[in-house]
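Everything below concerns the one structure shown next.
The values are calculated or read from the model by the stated rules, or taken from the named source; none is laboratory data. Nothing here was measured: the structure is a model prediction, and the numbers come from that model. Note: ideal-geometry Cβ built from the backbone for every residue, glycine included; neighbour counts use all protein chains shown. Just so you know, the surface numbers come from the protein's heavy atoms only, side chains and all, with ligands and any DNA or RNA stripped out. Shrake-Rupley method; radii C 1.70, N 1.55, O 1.52, S 1.80 Å.
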Amino acid sequence: MKAEDHGGTARQGGSSGPAAEESPGGGRPRRHIRLSSHPGGTAKPVAIDWGAANPKARGPVLGSVRDGTRRNVIGAHAGSYSLYRALAVAAGRLDPVHVPDLTNTAPAEPIGPWPQWAEADRIVSLDPWGHMVSEAFAEEIADGLDIRPTIAVTKAHLTVPEIGSAIAAGRLVPDGEVLTAAGDARVTKIAIEPVWYLPGIAERFGIGEAELRRALFEESGGMYTELVTRPDVKVFLPPVGGITVYGFGDAAAPARAGAAVTCRVHDECNGSDVFGSDICTCRPYLTHGIEECIAAAQGGGTGFVVYNRKEGRALGEVTKFLVYNARKRQPGGDRAETYFERTECVAGVQDMRFQELMPDVLHWLGIRRIERFVSMSDMKRDAIEAQGISIERQVPIPPELVPDDAQVEMTAKRAAGYYSEDGAPSSGDLLERAGRSLTD
């Protein structure tokens with residue numbers, strides 16, 4: 001019976017030696033598939049001491065697949081994009097042994113280190129040293145370890161039409177520093193890939209680490225067997241979206257006592273943020289947050305917009321659009337009283353963003369106090385305060401920025417406990433507030 005070749009050389013019974021065959025297209029020879037689900041005799045993962053006070057003591061995060069014997073994480077770099085990398089390798093477009101040249105990639109603005117980085121329970125969903133690897137681990141990289149950044153810090157200009165409108169209305173004035181004469185906002189732009197320290201994640205949710213690992217393994221279709229077979233490996237690079245931070249003003253200011261911080265924590269909504277869909281308040285609130293952050297920076301403080309890739313409350317865009325249809329087609333039309341119920345009927349849950357992990361990036365930025373929190377969310381506020389960061393004032397979206405079709409969402413959220421200067425709506429408001437139909 002002939003053994004089939006499923007991407008590596010299948011070994012016949014009784015055969016021995018490093019049998020290999022040439023890959024299609026003349027690439028490097030195929031090798032036997034080496035399972036990483038159990039520690040082998042030659043495996044020597046580099047130690048990680050999460051929460052150590054400096055990167056050398058903590059140890060590097062090694063997620064490259066080039067050296068399986070020293071890898072110390074489950075998963076691969078680049079989150080969900082790691083699968084595109086796999087496709088590039090399979091298609092012969094990418095050399096699987098390529099090592100990034102990190103020349104001139106160092107952060108354009110220094111961030112940290114701050115005291116929170118050495119508090120193991122403060123940051124559990126990202127690597128606080130992830131932007132410093134080319135400097136902190138220069139010797140290890142020179143010795144052949146493929147250590148890759150999980151955070152990148154650069155500079156940019158933001159051109160947002162609503163900022164132009166704020167200038168025209170006199171709410172913002174270009175100063176040549178934070179806001180240029182052309183109406184562009186100067187920002188520090190930071191991209192962050194998720195790096196999960198599994199014991200810390202489990203503790204944050206009040207569950208056991210074994211329970212967390214099993215759920216991650218089973219609910220991902222058994223995608224990462226090491227979650228249940230390698231309890232010695234404590235760090236996971238999950239295939240989920242990351243975070244982008246836009247900093248206005250001095251990014252180091254939040255760590256100084258008395259610094260005024262304005263912050264908008266925003267969860268991705270492609271339909272509204274990018275294309276202007278009016279069924280929700282996402283883009284208007286995002287651009288209002290940007291305006292608030294610019295004003296804060298011009299006043300000597302610092303502003304941060306934290307943009308999380310959690311489309312549709314982390315339920316995904318397909319689920320979100322299904323919910324839109326269910327809301328619009330239900331008897332009586334789109335109403336605030338059934339806003340969350342329709343989501344739960346489709347998804348089984350109202351929200352999967354799990355704000356418990358969200359404050360980690362604020363700790364990474366050195367923030368201990370937020371003067372103006374540009375959000376009405378009670379879940380975000382409670383999660384931030386539970387992590388020891390104080391919030392002086394919540395800033396609601398101005399009523400004139402709420403689109404007509406988004407009034408259903410706004411009324412439902414106020415009834416559910418979202419902050420509002422007008423208080424919760426009446427039961428009559430919940431029944432009366434109706435959105436457009438699908439055919440309007």
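List of remarks:
- Sites I207 and D382 - FRET efficiency at Förster radius 22 Å, r taken between beta-carbons, to 0.05: 0.70
- Candidates A251, A347, A314: whichever shows maximal mean-square fluctuation once the chain is modelled as a Gaussian network with Cα springs under 10 Å: A347
- Each principal axis of the Cα atoms in region 74-202 has its own extent, and those three values, largest first, are 54, 42, 31 angstrom.
- Highest-fluctuation residue, V187, V361, V318 considered, GNM on the chain with Cα pairs under 10 Å: V318
- These residues, E218, E140, go from largest to smallest accessible area, 1.4 Å probe, as E218, E140.
- Per residue solvent-accessible surface (Å²) - the chain, probe of 1.4 Å: 49 Å²
- Over 22 Å (Cα to Cα) - which of K44/K234; K234/K310; K56/K234; K189/K310 fall in this group: K234/K310
- Using Cβ point charges alone (K and R +1, D and E -1), the dipole size of the chain about the Cα centre works out to roughly 1040 debye.
- Förster radius 51 Å - calculated FRET efficiency between A108 and L438 (Cβ-Cβ, nearest 0.05): 0.65
- Distance between region 219-288 and region 164-193 - C-alpha centres, whole angstrom: 22 Å
- Peptides ranked, highest mean first, by Cβ atoms within 10 Å: ranges 173-180, 195-202, 402-409, 90-97: 195-202, 402-409, 173-180, 90-97
- Estimated FRET transfer efficiency when R0 is 30 angstrom, pair S426-E341 (beta carbons, to 0.05): 0.95
- The listed peptides 417-423, 370-376, 295-301, ordered by packing as a protection proxy, come out as 370-376, 295-301, 417-423 (highest mean of other Cβ atoms within 10 Å first).
- In the chain, the alpha-carbon atoms span a convex hull of 193 Å³ per residue.
- Interatomic Cα distance distribution for region 212-255, bins of 10 angstrom, percent: 22, 34, 16, 19, 9
- Length released on extending from V228 to A91, taking residue separation times 0.36 nm less the Cα-Cα span: 46.2 nm
- Each listed q (0.15 Å⁻¹) maps to a log10 I(q)/I(0) for region 283-440, found by the Debye formula over equal Cα scatterers with no solvent: -0.91.
- The chain, relative contact order [Cα under 8 Å, separation at least 6], %: 14 percent
- Histogrammed with a bin width of 5 Å, the alpha carbon distances of region 364-410 distribute as 5, 19, 25, 19, 13, 10, 8, 2 percent, first bin at zero.
- Over region 145-269 - Rg/Rh using Cα atoms and the Kirkwood inverse-distance radius: 1.13
- Within-12-Å neighbourhood charge of I123 [Cβ basis; K, R +1; D, E -1]: -1
- The chain: most fluctuating residue of L315, L102, L62 per GNM, C-alpha cutoff 10 Å: L102
- Kirkwood hydrodynamic radius over Cα pairs of region 96-165, then Stokes diffusion coefficient at 25 °C and 0.890 mPa s, in µm²/s: 168 µm²/s
- Accessible heavy-atom area order of W364, W50, highest first, probe of 1.4 Å: W50, W364
- Here the chain has 53 percent of its accessible surface on carbon and sulfur atoms, given a 1.4 Å probe and all protein chains in place.
- Relative contact order (percent, whole number), region 297-378, Cα cutoff 8 Å, 6+ residue spacing: 24 percent
- Relative frequency of Cα-Cα separations exceeding 15 Å in region 56-133, percent: 68 percent
- Nearest-10 value in Å² for the accessible area of M352, using the 1.4 Å probe: 80 Å²
- Based on Cα contacts under 8 Å between residues 6+ apart, region 247-312 shows a relative contact order of 51 percent.
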